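Below is one structure, written out as structure tokens; comments come after it.
Every number here is computed from the coordinates shown, using simple stated rules; none is lab data. Quick caveat, the model's predicted, so the values are computed rather than measured. Because the Cβ atoms are built from the backbone with ideal geometry, glycine has one as well, and the counts that use them run over all protein chains shown.
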């Protein structure tokens, strides 16, 4: 059976700021949304970039050689 669609759904990332505070970034790629465990403008900008690049993008081409 051939896979024809492969999408990112949800992801969870851990980051730490220069004070050692852990920040959790949860991204829902399918619904184009994200949530941070604490405010951080740098991670907000990066999350928006990730959503722009990967929201409902079919990644099946990465599976095919």
Legend entry - Tally of residues being closer than 16 Å to residue 56 by Cα and assigned to a loop (DSSP other than H, G, I, E, B) across region 4-37: 10
Legend entry - Of the criteria (1) surrounded by fewer than 12 Cβ atoms within 10 Å (Cβ to Cβ); (2) in contact (Cβ under 8 Å) with a residue 24 or more places away in the chain, which one residue 15 fails: (1)
